[in-house]
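*Asks:* Questions regarding the structure given below will be posed in turn.
Every number in this text was worked out from the coordinates using simple rules, so none of it is lab data. Since the model is a prediction, treat every value here as computed from it, not as a measurement. Please note: Cβ atoms are built from the backbone with ideal geometry, for glycine as well, and neighbour counts cover all protein chains shown.
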Amino acid sequence: MAGKNEDIIICRCEEVTLGEIREWIEKGYETFDELKRVLRVGMGPCQGRGCREMILREISAKTKVSVADIHPGTFRPPAKPVKLAVLAKGGDK
Amino acid sequence: MSWKRTADVVVIGAGVQGCSIAYNLAKMGVKDIVVLEKGTICSGSTGRCGAGIRAQWGTEMNCRFGLAAVEKFEQLHEELGMDCGLNQSGYLMVAYKDSEFEQLQKSMKLQNSLGINTRVVTYDEAKEICPGLAAEDAVGFTFHDRDGHADPFLTTFAYMEAAKRLGVKFLRFTEATDVKTVAGRVAGIVSSRGDIDAPVVVNAAGGYSQFISKMAGVEIPNFSERHEILITEPVEPGVCPPMLMSFSGNYYIQQRPHGSIIGGCSPEGHPQDYELGNSWDFLEMMSRTFVRLLPRTKGVRVVRQWSGLYNMTPDRQPVLCEADNVKGFFLSCGYSGHGFMFGPISGELLAQLILGQEPWIPIGMLHYSRFERGELLIEPAVV
């Protein structure tokens, strides 16, 4: 699979390259959540907004399962990063 | 891959316990080991935990486990051939009440007698260890510099990869649905994908271990409690290098070398509903703790919150033994929130027990029969 695209950064928050993602998919880490655990893809401030689709396509290329049928991984709150001081003030109950 | 109908050992659960047990058994020469995981590797309590490693405990058993685990972690990268993200910046324990500080010092004496060099530190020293700390209301601190944390994902994967190299098979998306027994002996398992006959079955199912035990006809008083946790965006290091922990303050907070800060606390109401959800109440409470204790974090953003199950026992110490009434059925569960840090040592000790050897740290008192006998040795040091 080696090629000139291997150095492209796919997860910009955690600086993970296409080559690293392909290497771990090859080792059997074939779900988004397992790749996230081993490479930290999708764990940064953007929470996978930038890399998720590209990684799902890479998983699809290896497993021959269509992207639509691949579990996209777990989405966790908050929807966007929020400052601790804002959260500490609380909200309306 | 065709279905494997027999094995020498079936391990249920691919968290740190299951992976460490499988690796240690394979290392000791067992050839045919299968690990079942109902989800993906490290998708349960290990992957959701706070990642701390400490030897600062309040019972002799936990101190010995804690110290042995710290020593294991110190050479784990070399042994398993993969970086486990170990970071030893210590645990700084914070007491807000005189009685709590007395308990910390009592535990410290026990720790010191076992070779754990915990010491009392002043508030000024505490601020040197943790530059952002604001704890004028604290009455005392203890610190142990070999405590710290490791990456639970990388540690578990490192055990799995090392076990695979020794021939262990891992079956993901394969749920154990029954444990077969014949005449007081375990005979194998039934899973969502087929049966496997085996003379040894290990229950390392974490938050779901009580269900697996029940399938084998073993009743243990374990229960699972949901705990919540959050992580911030990465910021410059030095905000909170040690794990800050307080039992009365109800928190643990630590900055990873990567820069993000993790924090969790014990939940109100101790929910036991197996829901792995997230609550606004936790987010607000934990954020208040952050900005009070580490005022410089007020502009730092939370990027993610999640929850996981503490598999609790009545004395908050693990169950690590062979079942009395079902020979060949072994249990490694009930870690009460500390299964990740004990994984490297408990996996080795259970592997020794399975192979009929004398575990090098005696684990007789971790048999679940202690609950029936009322011989509880309650661990005071749990958040």
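*Asks:* What is the average number of partner chain Cβ atoms found within 10 Å of a Cβ in A:75-83?
*Replies:* 6
*Asks:* Sort A:42-49, B:374-381 by the packing proxy (mean of other Cβ within 10 Å over each peptide's residues), most packed first.
*Replies:* Working: A:42-49: 20.0, B:374-381: 13.9.
Taking the mean over residues of other Cβ atoms within 10 Å, the ranking is A:42-49, B:374-381.
*Asks:* Another question, if that's okay. Under 5 Å between amide H atoms, partner at least 5 residues away or on a different chain: which partners does B:Val200 have, H built in plane at 1.01 Å?
*Replies:* Sorted by chain and number, the residues that satisfy this are B:Val10.
*Asks:* Give the distance, in whole Å, between the Cα centre of the range B:210-274 and the Cα centre of the range B:336-383.
*Replies:* 20
*Asks:* Count, for each residue of B:257-265, the Cβ atoms from other chains sitting within 10 Å of its Cβ, then give me the mean as a whole number.
*Replies:* Across B:257-265, the average partner-chain Cβ count within 10 Å equals 1.
*Asks:* Evaluated at 10 °C with a viscosity of 1.306 mPa s, what Stokes-Einstein diffusion coefficient in µm²/s does the protein assembly as shown have when Rh comes from the Kirkwood expression over alpha-carbon pairs? Provide the component values of the computation, followed by the final result.
*Replies:* Values: Rh = 23.0 Å.
D = 69 µm²/s.
*Asks:* If you don't mind, there's one more thing I want to ask. How high is the FRET efficiency between B:Asn325 and B:Arg373 when r is their beta carbon distance and R₀ equals 25 Å, given to the nearest 0.05? Display every interim value, and only then the final one.
*Replies:* On the way: r = 16 Å, r/R0 = 0.63.
It comes to 0.95.
*Asks:* Further question: Starting from the Cα-Cα distance between B:Glu268 and B:Arg185, subtract it from 0.36 nm times their residue separation and give me the gain in nm to one decimal. Intermediate values should be presented prior to the final figure.
*Replies:* On the way: separation 83, 0.36 × 83 = 29.88 nm, distance 4.11 nm.
25.8 nm is the gain from fully extending B:Glu268 to B:Arg185.
*Asks:* If you average the alpha carbon positions of the range B:106-171 and of the range A:23-93, how far apart do those two centres end up, in angstrom?
*Replies:* Each part reduced to its Cα centre gives a spacing of 29 Å.
*Asks:* Here's something else I'd like to know. For chain A, which cysteines have no second Cys with its Cβ under 4.7 Å from theirs?
*Replies:* Result for chain A is A:Cys13, A:Cys46, no neighbouring Cys Cβ within the cutoff.
*Asks:* Would you mind giving the mean number of other chain beta-carbons within 10 Å of the Cβ of each residue in B:281-288, as a whole number?
*Replies:* 5
*Asks:* May I pose another question? Say the dipole of the range B:295-383 comes from +1 at the beta carbon of Lys and Arg and -1 at that of Asp and Glu; which of B:Thr313, B:Leu376, B:Gly328 then lies farthest toward its positive end?
*Replies:* Checked the options; the winner is B:Thr313.
*Asks:* Pick from B:Met245, B:Met341, B:Met82: which residue has the top mean-square fluctuation in a GNM of chain B where Cα pairs under 10 Å get a spring?
*Replies:* Comparing B:Met245, B:Met341, B:Met82 in a Gaussian network model of chain B, the most mobile one is B:Met82.
*Asks:* Starting from the range B:120-152, pick out the GluC sites (Glu not before Pro) whose DSSP state is loop and whose Cβ has at most 16 other Cβ atoms within 10 Å.
*Replies:* B:Glu136
*Asks:* Say each of B:Lys109 and A:Asp69 gets a label point 7 Å from the Cα, pointing the same way as Cα to Cβ; how far apart are those two points in nm?
*Replies:* 6.6
*Asks:* For the range B:207-267, compute Rh as the Kirkwood radius over C-alpha pairs and then the Stokes-Einstein diffusion coefficient at 10 °C and 1.306 mPa s; write the answer in µm²/s, rounded to an integer.
*Replies:* 113
*Asks:* Mind giving me the nanometre distance, one decimal, between the label points for B:Glu236 and B:Thr6, set 7 Å out from Cα along Cα→Cβ?
*Replies:* Using points 7 Å along Cα→Cβ, the separation is 6.5 nm.
*Asks:* Work out the charge dipole of the protein assembly as shown with +1 on the Cβ of Lys and Arg and -1 on the Cβ of Asp and Glu about the Cα centre, then indicate which of A:Pro78, A:Ile8, A:Tyr29 is farthest towards its positive end.
*Replies:* After comparing all options, I get A:Ile8.
*Asks:* Suppose R0 equals 60 Å. What FRET efficiency, 1/(1 + (r/R0)^6) with r the Cβ-Cβ distance, do B:Asn250 and A:Lys4 give to the nearest 0.05?
*Replies:* Taking R0 as 60 Å, the efficiency between B:Asn250 and A:Lys4 is 0.70.
*Asks:* Would you list the P(r) distribution for the range A:35-93, with all Cα-Cα distances sorted into 5 Å bins from 0 and each bin expressed as a whole %?
*Replies:* Once binned at 5 Å, the Cα pair distances of the range A:35-93 give 4, 15, 22, 19, 14, 9, 7, 6, 4, 1.
*Asks:* For B:Glu219 and B:Asp137 in one chain, what is 0.36 nm times their gap in residues minus the Cα-Cα distance, to one decimal in nm?
*Replies:* Values: separation 82, 0.36 × 82 = 29.52 nm, distance 4.47 nm.
Length gained, B:Glu219 through B:Asp137: 25.1 nm.
*Asks:* Quick one: in the range B:303-347, what % of C-alpha pairs are over 12 Å apart?
*Replies:* Working: 653 of 990 pairs.
When all Cα pairs of the range B:303-347 are counted, 66 percent exceed 12 Å.
*Asks:* Rounded to the nearest 5, what % of DSSP beta bridges with both residues in chain B are antiparallel?
*Replies:* 70
*Asks:* Using helices alone, I'd like the mean residue ellipticity at 222 nm for the protein assembly as shown: each DSSP H run of four-plus residues gives -39500 (n - 2.57), total over residue count, nearest 500.
*Replies:* So the calculated ellipticity at 222 nm is -9000 deg cm²/dmol.
*Asks:* Once Rh is set to the Kirkwood radius over Cα pairs, what Stokes-Einstein translational diffusion coefficient, in µm²/s, holds for the range B:282-383 at a temperature of 4 °C and a viscosity of 1.567 mPa s?
*Replies:* So the translational diffusion coefficient is about 79 µm²/s.
*Asks:* For the protein assembly as shown, what is the charge dipole size about the Cα centre, in debye to the nearest 20, if Lys and Arg each add +1 at the Cβ and Asp and Glu each add -1 at the Cβ?
*Replies:* My answer is approximately 920 debye.
*Asks:* Mean Kyte-Doolittle of at least -0.5 and a Cα length of 15 Å or more along the axis: which whole DSSP H helices of chain B meet both?
*Replies:* B:16-27, B:60-74, B:152-165, B:280-293, B:339-354
*Asks:* Let me ask another. Just the C-alpha atoms of chain B: what Rg/Rh do they give, with Rh taken as the Kirkwood radius?
*Replies:* When Rh is taken as the Kirkwood radius, the ratio is 0.97.
*Asks:* Whats the longest run of chain B with zero trypsin sites (Lys or Arg not before Pro) that are DSSP loop and have at most 12 other Cβ atoms within 10 Å?
*Replies:* Longest run free of exposed loop sites: B:32-383.
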